[in-house]
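A short reminder: the numbers here are calculations on the coordinates, not readings from a lab. Please read these numbers as outputs of a predicted model, since none were measured by experiment. Glycine gets a Cβ as well: all are built from the backbone with ideal geometry, and neighbour counts include every protein chain shown.
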Amino acid sequence: MLRTFRIGGIHPPENKLSAGKKITALAVPTQVVIPLSQHIGAPAQAVVKKGDTVKVGTLLGKAGGFVSANIHSSVSGKVNKIDDALDASGYKRPAVYIDVEGDEWEEQIDRSETLNKVCNLSSKEIITKIAEAGIVGLGGATFPTQVKLTPPPGTNAEILIINAAECEPYLTADHSLMMEKGAEILTGITILMKAINVKKAVIGIESNKPDAISLFKHMIVHFEGIEIMPLKVQYPQGGEKQLIDAVIGTQVKSGALPISVGAVVQNTGTAFAVYEAVQKNKPLIERVVTVTGKNVANPSNFLVRIGTPISSLIAAAGGIPENTEKIIGGGPMMGKALVSTEIPVTKGSSGVLLISNKEAVRKPMRNCIRCSKCITVCPMGLNPTLLMNTSEFRNWDLAEKNYIVDCIECGSCSYTCPANRPLLDYIRLGKGKVMGIIRARKS
Ligand code: SF4
Ligand code: SF4
């Protein structure tokens, strides 16, 4: 029997419309807008100014703290300005605007397709290269990778778990990358194993990707210490704590990090980016993004330079269908509605989903019928109906006592509620408020 996590979970329709589509490199736009904050943690500090000439790979922003990441140019050209730009949440953040001229790359970047399997660097040197290249978790969390590879004192990594679940409906960016860059991903995994000094890595892949499972099972014979674990299709298996439970059968306690059970989790796209950073000296300047939707003419997986406007991706997939009501950044479960299609692709952009007026309609909310379905499906063992009430009535103390900050915002509760209650909307609001209170208390 296939393994999965033990608490909660749902199985929404998969709708992987772009599965099997080859990755297509999108044309470089005439201008890119590269935000200085594309990661969890402090924004990067700009090291360029208006009028500067940059190449692909030139450092634009230096990490602004321990939990932060470098930002590089994804194009060659001239810095037009450093100014605010809208991010995916609709907030204005500082960004570097670059007018594109040609496509000139920094000399140290190896652009050949030759596989470079041998890495003679030490753990410290690998982590330094990853930090310099601005690698962050590409599964959507955008946590700076070098921080995850540096376990806090008193903890020890025993296993590397690779998240190849891609459990969000519609998204196929990781799947397409696995089909086309398997050897590079496996080399990246070997490098990550060396960085944290572990002898074992397990790649968790959901069983709805049989081609990737079969391909990787053939390829791992050339790589030591890597196992493939097919997993039952269950959302949200890509959640760190859910994946750890599925793969090693251990639950991470409330408030604890994966390293508390000896696990370090990285995404497949991150493993590929690590390969490129360490073996090819290539900073994180592009990524694969799925553009999809039931009415989209050509659902696709595009290789996109960071800073490209979302509108260019949509145009390449056939444009906005007439009846489109919402455009989501990410997948349908955890993604957020975009306020503009001029928002740039960032390191955390895994997908763009166009949904029609029929699909986007919110059914009228009714009274809770106390069916407890939301509790049954919550993968964190929370009580979503109680948490919604605590947020609605601003009882932050009760919300904190009932672990609102443990919510991973997976949306399973809202998805399953027969009374159409906007559970996650309220819980997200309450979680933000309680986290603010906790931060203030600590400081
Ligand atoms: S959104 Fe939060 S409360 Fe709702 S099911 Fe997911 S983890 Fe549980
Ligand atoms: S699923 Fe909806 S109706 Fe059922 S207990 Fe939860 S909030 Fe109430």
Task: the chain: translational diffusion in µm²/s, Stokes-Einstein, Kirkwood Rh over Cα pairs, 25 °C, 0.890 mPa s - done: 109 µm²/s
TODO: Just report the Cα centroid separation between the range 1-35 and the range 106-124, whole Å.
DONE: 27 Å
- [ ] Please return the longest stretch of the chain lacking exposed loop sites, where GluC sites (Glu not before Pro) count only if DSSP places them in a loop and at most 10 other Cβ atoms lie within 10 Å.
- [x] 114-321
- [ ] Subtracting the Cα-Cα distance from 0.36 nm times the residue separation, let me have the gained length for Ile40 to Lys401 in nm, one decimal.
- [x] 127.4 nm
Open item on the list: Let me spell out the model: positive unit charges on the Cβ of Lys and Arg, negative unit charges on the Cβ of Asp and Glu, origin at the Cα centre of the range 123-280. What dipole size does that give, in debye rounded to 20?
Closed with: 360 debye
TODO: Would you calculate the separation in nanometres between label points at Glu224 and Glu322, each defined as 7 Å from the Cα along the Cα-to-beta-carbon direction?
DONE: 6.3 nm
TODO: Just the number, please: percent antiparallel of the DSSP beta bridges in the chain, rounded to the nearest 5.
DONE: 60 percent
Open item on the list: Modelling each spin label as a point 7 Å along the Cα-to-Cβ direction, I'd like the Val67/Ser254 distance in nm, to one decimal.
Closed with: 2.0 nm
Open item on the list: What does the charge count around Ala157 come to, taking other residues whose C-beta lies under 15 Å from its C-beta (Lys +1, Arg +1, Asp -1, Glu -1)?
Closed with: +3
Task: Two-site label geometry, Asn420 and Ser123: point separation in nm, points 7 Å out along Cα→Cβ - done: 5.4 nm
Task: Given charges at beta-carbon only (K, R positive; D, E negative), |dipole| of the chain in Debye - done: 1280 debye
Task: Extension gain from Val339 to Asp103, taking 0.36 nm per residue of separation minus the Cα-Cα distance - done: 81.9 nm
TODO: Within the range 402-420, which residues have the backbone N less than 20 Å from the label spot 7 Å out from Arg441 along Cα→beta-carbon, could you tell me?
DONE: 402-408
Task: Residue (of Gly154, Ala173, Ala256) at the positive-pole extreme of the range 123-280, dipole from beta-carbon charges - done: Gly154
Open item on the list: List the pairs from Lys22/Lys232; Lys16/Lys81; Lys55/Lys92; Lys92/Lys363 whose alpha-carbon separation is above 29 Å, in the order I gave them.
Closed with: Lys16/Lys81; Lys92/Lys363
Open item on the list: Using a 4.7 Å cut-off between beta carbons, which cysteines in the chain end up with no partner cysteine at all?
Closed with: Cys119, Cys167, Cys368, Cys371, Cys378, Cys407, Cys410, Cys417
TODO: Run the dipole for the range 17-114 about the Cα centre, Lys and Arg Cβ at +1, Asp and Glu Cβ at -1, nothing else charged, and hand back the magnitude in debye, nearest 20.
DONE: 320 debye
